[in-house]
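J.: Sending over a structure as C-alpha cells; questions will come in a sec.
The values are calculated or read from the model by the stated rules, or taken from the named source; none is laboratory data. The structure displayed is predicted, hence computed values, not measured ones. Please note: Cβ atoms are built from the backbone with ideal geometry, for glycine as well, and neighbour counts cover all protein chains shown.
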C-alpha cells in the first residue's frame with residue numbers, strides 16, 4: 001500500500017490547479033481580514049476583493065464559501081438595519097431599501113427584510129411621534145394661531161420629505177385626525 005504524503009498530493013495537482021488554490025486562499029484570507037469582527041455586506045467584501053485585483057469568478061467562490069461558513073449573512077444585516085430605522089431614525093421604505101442596496105446587501109436579503117418592516121404610514125407616524133412630541137402638543141392647543149399651525153405643519157412635512165416619504169402620505173399623516 002502506497003503512503004499518501006503532502007508531496008505526492010502536490011505532484012498530482014497541476015501547476016494551474018495549485019496556482020488557483022493559492023489565489024483562492026489569498027482572496028479568502030484578504031476577505032476574512034477585511035471582515036474582522038464586524039458583519040459586513042457581501043457587496044462590500046466583493047468590492048474590496050475586486051479592488052485588490054482578484055477575478056470575479058474567484059470572488060464569487062470566496063463569497064460562497066464565506067456565506068456557507070457563516071462569515072457573511074446579508075439577511076441578518078438587513079434585518080438589523082430595518083430594526084434600527086424606526087423612531088427618530090425612521091425613513092421611508094423606499095429610502096431604507098436604497099440605503100441597504102447601497103451598503104452592498106444582496107437584493108434577496110433586502111426584499112426579505114423589507115417584508116418585515118413597518119408600512120410607510122406607520123414609520124411616518126412613529127417618526128413624527130418621537131421627533132416632534134412637543135410640537136404635536138402645541139398643534140393640539142387652541143390658542144395657537146392658524147399661521148403658526150401651518151408653519152409647523154410645513155416644517156414637519158419638509159422633514160418627512162427629506163426622509164423619503166411621498167407627498168400624498170405626508171398630507172394624509174399630517175391631518176392627524178385618524
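J.: Name the residues in segment 86-95 that are in contact with a helix residue (DSSP H, G or I) (Cβ under 7 Å, 6 or more places away or on another chain) and in a helix (DSSP H, G or I), would you?
T.: 87, 88, 93, listed by residue number.
J.: Tell me which residues, restricted to segment 5-26, are touching a helix residue (DSSP H, G or I) at 6+ places or on another chain (Cβ under 8 Å) and either farther than 19 Å from residue 63 by Cα or modelled with pLDDT of 80 or more (or both).
T.: 10, 13, 18
J.: On to the next question. Can you name every residue in segment 78-105 that is surrounded by fewer than 21 Cβ atoms within 10 Å (Cβ to Cβ) and more than 22 Å from residue 131 (Cβ to Cβ)?
T.: Once the filter is applied, which keeps residues that are surrounded by fewer than 21 Cβ atoms within 10 Å (Cβ to Cβ) and more than 22 Å from residue 131 (Cβ to Cβ), segment 78-105 yields 79, 101, 102, 103, 104.
J.: It is to be established whether one or more residues within segment 105-120 are on the phi > 0 side of the Ramachandran plot and assigned to a helix (DSSP H, G or I).
T.: Just the residues of segment 105-120 that are on the phi > 0 side of the Ramachandran plot, to begin with: none.
Checking segment 105-120: not a single residue is on the phi > 0 side of the Ramachandran plot and assigned to a helix (DSSP H, G or I).
J.: Mind checking which residues of segment 63-77 are in a helix (DSSP H, G or I), more than 10 Å from the chain's Cα centre (by Cα) and surrounded by fewer than 18 Cβ atoms within 10 Å (Cβ to Cβ)? Steps first, answer last, please.
T.: Of the residues in segment 63-77, the ones in a helix (DSSP H, G or I) are 63-68, 74-77.
Now restrict to residues that are more than 10 Å from the chain's Cα centre (by Cα): 63-68.
If the condition is that a residue be in a helix (DSSP H, G or I), more than 10 Å from the chain's Cα centre (by Cα) and surrounded by fewer than 18 Cβ atoms within 10 Å (Cβ to Cβ), then 64, 65, 67, 68 are the ones that fit.
J.: Return only the number of the condition from (1) part of a loop (DSSP other than H, G, I, E, B); (2) without any contact (Cβ under 8 Å) to a residue 12 or more places away in the chain that residue 83 does not satisfy.
T.: (1)
J.: Which of (1) over 30 Å from residue 44 (Cα atoms); (2) exposed (fewer than 15 other Cβ atoms within 10 Å of the Cβ); (3) in contact (Cβ under 8 Å) with a residue 24 or more places away in the chain is the odd one out, the single condition residue 175 does not satisfy?
T.: (3)
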